[in-house]
Amino acid sequence: MNPVLEFLTRRRGRKKLNFSDFLSYAYLLLGVLIMFGPIVWLILSSFKTPIEIARFPPRIFPYRQQTIELEGFDDPLQLFKVTFDDGSTRELAQVRRVGIEAQMIDPDMPDEIIRVNIAEREPIEEIHIGLSNYIEGVRGFNFGTYLWNSTFVTITATLLTLLVNSMAAFALAKYKFPGQQTIFMTMIATLMVPLSVVLVPIFLVITRVGWNNNFLGIIVPVAATPTGVFLLRQYMLTIPNELMDAARIDGASEWRIYAQIILPLAKPALAVLAIFSVMWRWNDFLWPLIVMSRPEYFTLQVGLAAFQGEFSVDWNLILAMTVLSILPITVVFAILQRYITTGIATTGLK
Amino acid sequence: MSKNSHNKLFQTIFGSIAHGVISFVDLFLGSIQKLIGIKGVPYLFVLPNLLIFGLFILYPMLLNFVYAFTGGSAFFPDNRPYVGTRNFERLFACENFLVPNSCTEDLFWRAVQNTVVYVIAQVTILVLFALITALILNRKIKWRGFFRSVFFYPCLLSPIVVGLIWQWILQDKGLLNGILIGLGMSRMPFLTAATWARFWVIMVSVWASMGFYTLILLAGLQSIPSDLYEAASIDGASNWKAFSNITMPLLMPTMTVVIVLSLIRAVQVFEIIFAFTGGGPGTATMYLVQFIYNYGFTSPNKQFGVAAAASLLMAAVLIVLTLAQMAARREEVY
């Protein structure tokens, strides 16, 4: 039998480590390299100086030339390793360069100027994690504004999504009323018809409502997610009706039943929807791109795309800003990864 | 104060605020309930959702028809003259559908061709890798949670970030070309040659979404009762036999969901491309949604009618796929 098939068709539940286990780990490690490698490369690159960024072939780590501060010179001097004709080498600091000749001094004897052909010197370098890309990028990028906009939109849109969807799900799961089936089926039918196919009319609606360059324009329209209603309704169906009847006898209004009985019991489903909503809203691009045209309303994603258009040569800044933009969601994922991965596995939506 | 009592204090404060809000809303909604009776309550609860849904999802969908059957460059429907099916005729004005240059809207047919090739290749590769990864993760593996998270992590990244990262790696002076040079080979035009760009668009979108489908398939695999395998091994079935007679048939409903979901998303590919290749080189990686976006939003004389007609055609394809998805889900549930 084909060993590859044999390997793939193996299942859990054996004890010894054998060849197919070895292949599994090799595949998974390769997977880690391919999945994480680009991120690591992004992070390493974001610390590089513009000179290092432009260097080809690139080096893995961000290097920087060592410098030394000497009395009598305003700026730090660059350090080089100089090889002399007799084969000896010395570490010298460069004072200035004229054509192919460099004027250098020994840091221990700063009075004597040594003239060196530039072909005979090599920069002394060290690995350096410098934040200058980040500082410069934040200055030209309005990172603070975009971060605030994204955070604000993500949080308010998620809260609104949870409220609006759970109310609708409650009505659809716990009551029988004329039109119920129609409402539910219409929502399900539009479950998969994406924003992208109604770009023009949706832009018209936003314009008519007057929500261009208004946060309401990217918070409200996305709040009524059919997926959210579906997910919550399925969960609420499993909550027994007897609890509601008991509360009604005690004189509770339907709103109290929703807010104080159903919502607390639906916490797991609400948590899953909250996680999805945060992921959706944080990464939204097309919708904010259409609604927002003024930079002060840009979210991180739109800002990043605009930044790329504007500074398409300054990769060092773009990379630093990209790292900053993935930082918050990465931290959230690191903390909640178990819930996120099992949540997706059990509900099968994104 | 200890951490515990901090938490308690926080809970008390938070709890009483929530309680206050609920009671306050209750004053309002409770009196409405008295007014409309308990039969009207469910309508009250679906109302906010229905308003948003109707205004921002349903209404635009209907408006799309208005755009598709009217012409001119006016943005507001009132100023657009009715043109019947002319926008559709324009899209279908072709001497030979396989040669985009023979069509009036050559860009549309180029986009259709690109999309068809992309969808078939991307979904095949995506499902294949997701299945292999899920099968391996379903074995007795150490650090399964870690590996699962690693494969899922790229799904968290925004399409813009994915596009930027890979553009950085694949550009002319990027990491991959550096590795090629290091191995003694020559540089490749990864983003500037049409075939390479198409290839990388597929690979990058697989990279960015594979983890999601892996998770769904893994959940499907783990829901297969293990006593089935025990019975099979008592009967002396080989691993391959167990796979083809137990795993595959029982995984089929999940597979169908995965295939249809990935098809639906592949047809709509846009955002990753926007940041990654921008549709280039030339029109090599321009797909349908980008065609619609360009016609509606970026071209100098905006052809909303043609864009809307194209999006209706796309919606038709998506609805067929959605119905397939619902049928598959039903199969999965029962």
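The values are calculated or read from the model by the stated rules, or taken from the named source; none is laboratory data. Owing to the predicted nature of the structure, the values given are computational and were not obtained by experimental measurement. Because the Cβ atoms are built from the backbone with ideal geometry, glycine has one as well, and the counts that use them run over all protein chains shown. Remember, those area values only see protein heavy atoms, side chains included, never the ligands or the DNA or RNA. Shrake-Rupley method; radii C 1.70, N 1.55, O 1.52, S 1.80 Å.
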For B:Ile264, state whether it is over 22 Å from B:Glu89 (Cα atoms), at the interface with another protein chain (Cβ under 10 Å from one of its Cβ atoms) and either modelled with pLDDT of 85 or more or not in a loop (DSSP other than H, G, I, E, B) (or both). yes
Name the residues in region B:265-294 that are among the small types (Gly, Ala, Ser) and touching a residue at least 24 places away in the same chain (Cβ under 8 Å), would you? B:Ala266, B:Ala275, B:Gly280, B:Gly282, B:Ala284
Examine region A:205-221 for a residue that is closer than 23 Å to B:Leu44 by Cβ, more than 9 Å from every other protein chain (Cβ to nearest Cβ) and touching a residue at least 12 places away in the same chain (Cβ under 8 Å), and state whether such a residue exists. yes
Kindly list, by first and then second residue, each pair from a residue in region B:162-181 that is within 7 Å of chain A (Cβ to nearest Cβ) to a residue that is among the hydroxyl-bearing types (Ser, Thr, Tyr) and not in a helix (DSSP H, G or I), limited to pairs with Cβ atoms under 6 Å and residues at least 6 apart or on different chains. none
Can you pull out the residues in region B:42-62 that are open to solvent by 10 Å² or more (accessible area, probe 1.4 Å), of a type in the set (A, V, I, L, M) and either modelled with pLDDT of 90 or more or in contact with a Ser or Thr (Cβ under 8 Å, 6 or more places away or on another chain) (or both)? B:Leu44, B:Leu47, B:Leu50, B:Leu51, B:Ile52, B:Leu55, B:Ile57, B:Leu58, B:Met61
Of the residues A:Val209, A:Val278, which single one is modelled with pLDDT of 90 or more and either open to solvent by 10 Å² or more (accessible area, probe 1.4 Å) or touching a helix residue (DSSP H, G or I) at 6+ places or on another chain (Cβ under 7 Å) (or both)? A:Val209
Which one is farthest from B:Leu157 (Cα to Cα) among residues in region B:204-246 that are open to solvent by 70 Å² or more (accessible area, probe 1.4 Å), of a type in the set (Gly, Ala, Ser) and not in a loop (DSSP other than H, G, I, E, B)? B:Ser233
Considering region B:168-203 alone, what residues qualify as being of a type in the set (S, T, N, Q) and open to solvent by 10 Å² or more (accessible area, probe 1.4 Å)? B:Gln171, B:Ser186, B:Thr192, B:Thr195
Given the conditions (1) within 15 Å of A:Pro328 (Cβ to Cβ); (2) open to solvent by less than 80 Å² (accessible area, probe 1.4 Å), which single one is not true for A:Ile155? (2)
Residue in region A:292-314 that is without any contact (Cβ under 8 Å) to a residue 40 or more places away in the chain, closer than 30 Å to B:Gly37 by Cβ, surrounded by 21 or more Cβ atoms within 10 Å (Cβ to Cβ) and in the same structural domain as A:Val153 (by TED's automatic domain parsing) present: no
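For (1) more than 10 Å from chain B (Cβ to nearest Cβ); (2) at pLDDT below 80, each residue gets a yes or a no:
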| residue | (1), (2) |
| --- | --- |
| A:Glu6 | no, yes |
| A:Gly31 | no, no |
| A:Thr49 | yes, no |
| A:Ile53 | no, no |
| A:Tyr63 | yes, no |
| A:Gln78 | yes, no |
| A:Lys81 | yes, no |
| A:Thr89 | yes, no |
| A:Arg97 | yes, no |
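Based on what the data block shows, is B:Gln122 open to solvent by 60 Å² or more (accessible area, probe 1.4 Å), of a type in the set (S, T, N, Q), part of a helix (DSSP H, G or I) and more than 9 Å from chain A (Cβ to nearest Cβ)?
no
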Which numbered condition B:Gly37 misses (of (1) within 24 Å of B:Tyr82 (Cα to Cα); (2) among the small types (Gly, Ala, Ser); (3) modelled with pLDDT under 85): (1)
Answer yes or no as to whether B:Phe75 is surrounded by 12 or more Cβ atoms within 10 Å (Cβ to Cβ), modelled with pLDDT under 85, away from every other protein chain (no Cβ under 14 Å) and assigned to a loop (DSSP other than H, G, I, E, B). no
Pairs only if they're at least six apart or on different chains, beta carbon under 9 angstrom, first in region A:71-84 and closer than 13 Å to A:Glu126 by Cβ, second among the hydrophobic types (A, V, I, L, M, F, W, C) and assigned to a strand (DSSP E or B); list them, first residue then second. A:Gln78/A:Ile68; A:Gln78/A:Ala93; A:Leu79/A:Ile68; A:Leu79/A:Leu92; A:Leu79/A:Ala93; A:Lys81/A:Leu92
Quick check on my filter: what residues within region B:237-261 are more than 9 Å from every other protein chain (Cβ to nearest Cβ) and closer than 13 Å to B:Gln222 by Cα? B:Ile246, B:Met248, B:Leu250, B:Leu251
Just to check your reading of the model, which residue among A:Glu112, A:Glu52, A:Glu91 is touching a Lys or Arg at 6+ places or on another chain (Cβ under 9 Å) and in a strand (DSSP E or B)? A:Glu91
Condition first: over 19 Å from A:Phe170 (Cα atoms), open to solvent by 10 Å² or more (accessible area, probe 1.4 Å) and not polar (S, T, N, Q). Can you find one or more residues in region A:225-246 that meet it? no
When region B:125-159 is examined, which residues are found to be facing chain A (nearest Cβ under 7 Å) and either more than 15 Å from B:Trp207 (Cβ to Cβ) or assigned to a loop (DSSP other than H, G, I, E, B) (or both)? B:Leu135, B:Ile136, B:Asn138, B:Arg139, B:Lys140, B:Ile141, B:Gly145, B:Phe147, B:Arg148, B:Ser149, B:Leu157, B:Ser158
Condition check for B:Asn96: closer than 23 Å to B:Thr285 by Cα and open to solvent by 80 Å² or more (accessible area, probe 1.4 Å): no
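Results for (1) within 14 Å of chain B (Cβ to nearest Cβ); (2) out of contact with any strand residue (DSSP E or B) (no Cβ under 7 Å at 6 or more places or on another chain); (3) in a helix (DSSP H, G or I); (4) at pLDDT 80 or above, shown as yes or no for each residue.
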| residue | (1), (2), (3), (4) |
| --- | --- |
| A:Glu122 | no, no, no, yes |
| A:Ile135 | no, yes, yes, yes |
| A:Val138 | no, yes, yes, yes |
| A:Gly144 | no, yes, yes, yes |
| A:Pro178 | yes, yes, no, yes |
| A:Gln181 | yes, yes, yes, yes |
| A:Thr186 | yes, yes, yes, yes |
| A:Leu191 | yes, yes, no, no |
| A:Val197 | yes, yes, yes, no |
